[in-house]
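**Q** Could you have a look at this structure, given as structure tokens, before my questions?
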Amino acid sequence: MSGIVYLVGAGPGDPGLMTRRSLELIAAADAILYDRLIPPGALDGARSDALLRYVGKEPGAAALTQEQTNELLVELGRSGKRVVRLKGGDPFVFGRGGEEAEALAAAGVPFEVVPGVTAGVAAPAYAGIPVTHRDAASAVAFVTGHEDPDKGDSALDWDALGCFPGTLVFYMGIRQLPLIAERLLAAGREPGEAVAVVERGTHPGQRTVVDTLAGIAARVEAEDVRPPAITLVGAVAELRDTIAWLERRSLHGEVVAVTRARAQASGLAERLRELGAEVVETPAIRIQPRPVEGELRAAIDRIDEYAVVCFTSPNGVRLFFDALAGEAVAGGGEAVVGGGDPVGAGAEAVAGGRDARALAGAVVAAIGPGTAAELSRRGVRADVVPERFVAEALVEALAPVEVEGRRVLVARAAEARSVLPDALRERGAEVDDVALYETVAEPLTEAQLADLERATYVTFTSSSTVRFLVGSGARPPAGARIVSIGPVTSATAEEQGLTVDVEAERHDIDGLVDALIADATSRRVPA
Ligand code: SAH
């Protein structure tokens, strides 16, 4: 059996710029040979049994030579494997993909090339610079800045670059920038021509420095710009004043730690990312689903008997529906296809469990908008959603619902307060108060601790997030600003020796994000 090698571009760094084809191939690969400049998480979709091998070239690090990489690709391809050779940007733009393809062709190993979004276009785009423009540049040249411009046999024709009628985009040139600028000036480019240097383009920490050709080298030195960076020379760089977008987002440059359990973090994390922040997830807490047995099992089995079903968190909704779907109803096939069902008596039971229709007869109550949204994702519109999302408010909102002598299910976290079940019992309801999950401590990994160290903001969305984080031994770094969702959480933080810098006025996720934006904006030095 003959294998195949895919030469795949992974884009410039933003995981969202990976192509659909690249993700499909990563998921199917037997072996992946990758470089340093691939997006964070690029390999997350790889099979757990896939061989993952770093073959990048880093100064000082022991890695493979290009010849060894070529040989390895040929060898793996010949052994019948599906091999992905994953590279930053595009594999054929300064990626040595051409050489690898030549080696594969020579060896008769089948291959496919999957282009990627190249840094020379993407980093400027994310900095608000189009590499061509009807009025400002009709051509663009991609140039390697890697070679020493002083060496005699330079492959670069500096005179040609001097009179090139358009934008010059230099890859790998940041260390050589003084010499590149000098050469271009000597070759006749204008000292006042605009130059932009984009560091870590498309990454959350992207930074852009703009100056003139005469001034850029000193500027880059003063601001300590480091690789990877793209240097762009040309009038299009001036368009940035008008169309920079990423760096104008309100949380650009901020590193925000989210301390909620991962299962709850995604909504907050997504909003922060949209606002331009780099989000680091540092939960010292994890959602542990309860096994579907005992009380929970009993509640699922008698789900049709409830007049009211209350959900107190999005997680509760998720796990309730999992439990519902995973469990066959007592009586098996009969309950599913029984009676006058058109499938007919005697038909085989339908595989699997139940779905949203099990709640058809019940009044469904959600503690807040997040929980209601999770329900609506499963086709259930909540009948009751209070304005404020605390148990007391849900009790009030349920006042008009007749509960006396009727069965009510409260599906919630193990450690939740008993305000709601107590109030319903007082009104004569027969309440089944069932725990779907508990939150348990989980120490942060080394990587998470390192991420936390870089945070400029640390967010706490409940007292338990504070207790679990501090309890795990981790602490927000000294310079980070601490954001709390409300006074209860703030009090816990202060008890644990943290100083709260920002407290949300509205005690929900939107309120917390608003407070964070206001704080970041007020501290921003006007450009
Ligand atoms: N094949 C890649 C380029 C590899 S050469 C591509 O098509 O993008 C490596 C150089 O690419 C770096 O030295 C830097 O100049 C540039 N580069 C790669 N990723 C970058 C990024 N996120 N931001 C700025 N420059 C980047």
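The values are calculated or read from the model by the stated rules, or taken from the named source; none is laboratory data. On a predicted model such as this, the values are computed, not experimentally measured, just so you know. Here the Cβ positions follow ideal geometry from the backbone for every residue, glycine too, while neighbour counts run over all protein chains shown. For the accessible areas, the whole protein counts, side chains as well, though only heavy atoms, and no ligand, DNA or RNA atoms are used. Shrake-Rupley method; radii C 1.70, N 1.55, O 1.52, S 1.80 Å.
**Q** Please give the charge dipole size of the chain, origin at the Cα centre, charges +1 on K and R Cβ atoms and -1 on D and E Cβ atoms. Round to the nearest 20 debye.
**A** Using Cβ point charges on Lys, Arg, Asp and Glu, the chain gives about 260 debye.
**Q** Okay, next question. Once you wrap a convex hull around the alpha carbon atoms of segment 216-338, what is its projected area averaged over all directions, in nm²?
**A** In nm², the orientation-averaged hull projection of segment 216-338 is 14.6.
**Q** Rounded to the nearest 10 Å², what accessible area does residue 464 have for a 1.4 Å probe in the complete protein model?
**A** Residue 464 exposes around 40 Å² with every protein chain in place.
**Q** Quick one: the Cα spread of segment 371-511 along its three principal axes, in angstroms, biggest first?
**A** Taking max minus min along each principal axis of the Cα atoms, segment 371-511 gives 55, 32, 29 Å.
**Q** If you plug each phi of segment 26-43 into the Karplus form 6.51 cos²θ - 1.76 cosθ + 1.60 with θ = phi - 60°, what whole-Hz ³J(HN,Hα) values come out, in order, with x for Gly and Pro?
**A** Per residue, the Karplus-derived 3J(HN,Hα) values read 4, 5, 9, 5, 7, 9, 10, 9, 10, 9, 6, 8, 9, x, x, x, 4, 9 Hz.
**Q** Tell me which of 476, 104, 424 sits at the most positive position along the dipole axis of the chain, charges placed on C-beta atoms (Lys, Arg +1; Asp, Glu -1).
**A** Selected residue: 104.
**Q** Which whole-number value in Å² is the accessible area per residue of the chain, probe 1.4 Å?
**A** Averaged over the residues of the chain, the accessible area is 48 Å².
**Q** I've got another one for you. Taking amide H positions as placed 1.01 Å from N in the peptide plane, with prolines and chain starts having none, which residues 5 or more places from residue 430, or on another chain, fall under 5 Å of its amide H?
**A** When sequence neighbours closer than 5 places are left aside, the close amide H contacts are 405, 406, 407, 408.
**Q** Here's something else I'd like to know. With 20 Å as the cut-off, how large is the P(r) tail for segment 155-276, expressed as percent of Cα-Cα pairs?
**A** Here the long-distance tail beyond 20 Å is 50 percent of all Cα pairs in segment 155-276.
**Q** Specify, per residue and in Å³, the volume enclosed by the convex hull of the alpha carbon atoms belonging to the chain.
**A** 213 Å³
**Q** May I pose another question? Consider just the alpha-carbon atoms of segment 1-122 and return their Rg together with their Dmax, both in angstrom.
**A** Looking at segment 1-122, its Cα Rg and Dmax stand at 13.1, 39 Å.
**Q** Let me check something: with ligands and nucleic acids excluded, how do 306, 126 order by accessible area (1.4 Å probe), largest to smallest?
**A** In descending accessible area the options line up as 126, 306.
**Q** Could you tell me which of 253, 231, 275 has its Cα farthest along the dipole of segment 222-282 towards the positive end, charges placed at Cβ (Lys, Arg +1; Asp, Glu -1), taken about the Cα centre?
**A** Of the listed residues, the answer is 275.
**Q** For segment 172-177, what does the Karplus curve 6.51 cos²θ - 1.76 cosθ + 1.60, with θ = phi - 60°, yield as ³J(HN,Hα) per residue in whole Hz, taken in order and with x for Gly and Pro?
**A** Taking θ as phi minus 60°, the curve returns 6, x, 5, 6, 8, 3 Hz for segment 172-177.
**Q** Let me ask another. From the phi angles alone, apply the Karplus equation (6.51, -1.76, 1.60; θ = phi - 60°) to segment 89-99 and give each ³J(HN,Hα) in whole Hz, x where the residue is Gly or Pro.
**A** Coupling constants for segment 89-99: x, 10, x, 9, 10, 6, x, 6, x, x, 5 Hz.
**Q** With every protein chain kept in the model, how would you rank 381, 407 by accessible area, 1.4 Å probe, largest at the top?
**A** Ranking 381, 407 by accessible area, largest first, yields 381, 407.
**Q** What accessible surface, in Å², does a 1.4 Å probe find on residue 172, ignoring ligands, DNA and RNA and rounding to the nearest 10?
**A** 90 Å²
**Q** On to the next question. Once ligands and nucleic acids are excluded and a 1.4 Å probe is used, how much of residue 392 is accessible, expressed in Å² to the nearest 10?
**A** My reading of the accessible area for residue 392 is about 70 Å².
**Q** Another question, if that's okay. Given the rule -39500 (n - 2.57) for each run of at least 4 DSSP H residues, summed and divided by the residues of the chain, what is its mean residue ellipticity at 222 nm, to the nearest 500 deg cm²/dmol?
**A** -9000 deg cm²/dmol
**Q** Quick one: which residues, 5 or more positions from residue 47 or on another chain, have an amide H under 5 Å from its amide H? H modelled 1.01 Å from N in the peptide plane, none for Pro or chain starts.
**A** Placed amide hydrogens put 29 under 5 Å from residue 47.
**Q** How do 425, 378 stack up against each other in accessible area, from largest to smallest, with a 1.4 angstrom probe?
**A** Highest to lowest solvent-accessible surface, that is 425, 378.
**Q** Hey, another quick one. Counting only DSSP beta bridges with both residues in the chain, tell me the antiparallel percent, nearest 5.
**A** 30 percent
**Q** Share of the chain's accessible area from carbon and sulfur, percent, 1.4 Å?
**A** C and S atoms contribute 51 percent here.
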